[in-house]
1. So how much slack lies between R138 and E122, counting 0.36 nm per residue of separation and subtracting their Cα-Cα distance, in nm?
2. Just the C-alpha atoms of the range 86-150: what Rg/Rh do they give, with Rh taken as the Kirkwood radius?
3. For the range 157-178, list residues with backbone N below 19 Å from a point placed 7 Å from the Cα of F102 toward its Cβ?
4. Compute from the Cα atoms of the range 91-196 the Rg and the Dmax, the latter being the longest Cα-Cα distance, and quote both in angstrom.
5. How big is the antiparallel share of DSSP beta bridges in the chain, given as a percent to the nearest 5?
6. Based only on the alpha carbon positions, what is the Kirkwood hydrodynamic radius of the chain, in angstrom?
7. Let's see if you can work this out: charge +1 on each Lys and Arg Cβ, -1 on each Asp and Glu Cβ, no other charges. What is the dipole magnitude of the chain about its Cα centre, in debye to the nearest 20?
8. Apply 1/(1 + (r/R0)^6) to the Cβ-Cβ distance of A130 and M1, taking R0 = 45 Å, and write down the FRET efficiency to the nearest 0.05.
Amino acid sequence: MTITITAFERSPDGGKGLARDTRVRWALEEVGLPYEVRLESFAALKAEAHLARNPFGQIPTYEEGDLTLFESGAIVLRIAEQHAGLLPPDDRARSRAIMWMFAALNTVEPPILEFSMARLFEADTPWAEARTPMLMERVRGRLRPLSERLSAMDWLDGDFSAGDLMMASVLLRLKPSGFLNEFPVLAAYVARAEQRPAYQRAFAAQLKVNAP
Ligand code: GTB
């Protein structure tokens, strides 16, 4: 069955792979599934056809036959549950991998998002100087325990899983700021993830669109 995802016609990051279609492409590559991409302009995201796929008018979306999904977490989980390679066979280990996906999206991504949004859109505001240290400390509050967890292992819980895919995707957002270098264990974790052939294929595919 053909799988179609949506991505930006032109990502604002110019091909750094930070838009959330990259994590979906990565999951598809990890399990070896071919996919097609429907490229959307910002205007098209708010038009009826796309709103039928995602009422919030965002990418990525995922279509597989008559199933349409939005939310990168739900999409990666669908791919991981339907195909071998991203979730361990053991029932408890599987639940832990899913727990790490949620931790990435609900606990680690929000302060990172707030920090990167402030960096992008608030740098010239009168409050930027006062607010930035607080935002950085909130990010550190998540990175410290994560770094401790990963200090003695390559991946979060045994073999690479959808939990690592999501956590590394979230941490990658910090790369342009250099923030990750404060945490060498996490910088090494992200580098390990980036070296995976599936990530490299996903990254190259989005780059081809955004920096042809
Ligand atoms: N919770 C949703 C998910 O996980 O799928 C969030 C989806 C989302 O934020 N989509 C963004 C979008 O469609 C693109 S990824 N935005 C358009 C809109 O809302 O109108 C966020 C993103 C965009 C650009 C960069 N960048 O250039 O660095 C990084 C991340």
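1. On the way: separation 16, 0.36 × 16 = 5.76 nm, distance 1.71 nm.
4.1 nm is the gain from fully extending R138 to E122.
2. On the way: Rg = 15.8 Å, Rh = 13.6 Å.
The Rg/Rh ratio comes out at 1.16.
3. Within reach of a label on F102: 157-158, 161-168, 170.
4. Computed over the Cα atoms of the range 91-196, radius of gyration and Dmax are 14.4, 51 Å.
5. Working: 7 of 12 bridges.
So the antiparallel bridges amount to about 60 percent of the total.
6. On the way: mean 1/r = 0.0559 Å⁻¹.
Here the Kirkwood hydrodynamic radius works out to 17.9 Å.
7. Numbers: 25 positive and 28 negative charges, 76 e Å.
Computed about the Cα centre, the dipole is about 360 debye.
8. Working: r = 52 Å, r/R0 = 1.16.
My answer for the efficiency is 0.30.
Only the coordinates and a few stated rules stand behind these numbers; no lab work does. All values reported here derive from a predicted model rather than from experimental measurement. Cβ atoms come from the backbone with ideal geometry, glycine included; neighbour counts cover every protein chain shown.
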